[in-house]
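The values are calculated or read from the model by the stated rules, or taken from the named source; none is laboratory data. None of these values were measured; they are calculated from a predicted model. Virtual Cβ from ideal backbone geometry, glycine too; neighbours counted across all protein chains shown.
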Amino acid sequence: MANDAHPTHPPAAHKTPWAWILGTFFGAGMMKPGPGTYGSVAALLLWMAAGQLLHPAPLVLAAGTAIAALLATLVGIPAATRVARESGRKDPGFVVIDEVAGQWITLIGLTATWRHALLGLALFRLFDILKPPPVRQLERLPEGTGIMLDDVAAGVLGLVVAQLLTRFAHLL
């Protein structure tokens, strides 16, 4: 859970536009209640749109999703760091680029159907909210690294469970 109540230092007068745009994932993080869920849903809708409109082969969709998750993580760390510093908060709840990256990780290898999308959303949000070990421990890493990597880990747990369910349990 975001640690909004514990400022690390006073908010900055200046906001770095690129960091706030990416950190809030184009404003999804400003929606209430539950900005993290809005960030996850925004990521899921982009993934579904790519899968439904472009009709990529399954391997292409998986590779594209993995690349998108990696890029979100790589730009998310400095963006989350800057927004956290400028907002004066250790882990601002309105920074949702971490949920975007984690959600895309969970969706790697799934087909772009609503059934798989909802499975991926439910699994990622479950692991993001519960933060089982080692997810919670990653929050302790400094600044944007901690903000991002706990959600990356939640995404990896979601990916593993989603793959087990879809490949071996034949539930979906």
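Can you say whether Ala84 is surrounded by fewer than 24 Cβ atoms within 10 Å (Cβ to Cβ), under 22 Å from Gly34 (Cα atoms) and at pLDDT 95 or above, as far as the supplied structure shows? Against the criterion (surrounded by fewer than 24 Cβ atoms within 10 Å (Cβ to Cβ), under 22 Å from Gly34 (Cα atoms) and at pLDDT 95 or above), Ala84 does not qualify. What number of residues within the stretch 120-134 satisfy the criterion of being over 15 Å from the mean Cα position of the chain (by Cα) and in contact (Cβ under 8 Å) with a residue 12 or more places away in the chain? The qualifying residues number 2. Taking residues in the stretch 15-35 that are part of a loop (DSSP other than H, G, I, E, B), and partners anywhere that are polar (S, T, N, Q), the pairs with Cβ atoms closer than 9 Å and at least 6 places apart or on different chains are Lys15/Ser87; Met31/Thr37.
Determine the pairs where a residue that is without any contact (Cβ under 8 Å) to a residue 60 or more places away in the chain, located within the stretch 64-79, has a partner that is among the β-branched types (Val, Ile, Thr) with Cβ atoms under 7 Å apart, the partner being 6 or more residues away or on another chain. Here the result reads Thr65/Ile108; Ala66/Ile108; Ala72/Ile97; Ala72/Val100, each pair linking the stretch 64-79 to a residue that is among the β-branched types (Val, Ile, Thr). The requirement of being within 17 Å of Gly144 (Cβ to Cβ) and either at pLDDT 95 or above or not aromatic (Phe, Trp, Tyr) (or both) is fulfilled nowhere in the stretch 42-62; no residue meets it.
Here Ile105, Ile147 are screened, and the one residue that is modelled with pLDDT of 95 or more, part of a helix (DSSP H, G or I) and touching a strand residue (DSSP E or B) at 6+ places or on another chain (Cβ under 7 Å) is Ile147.
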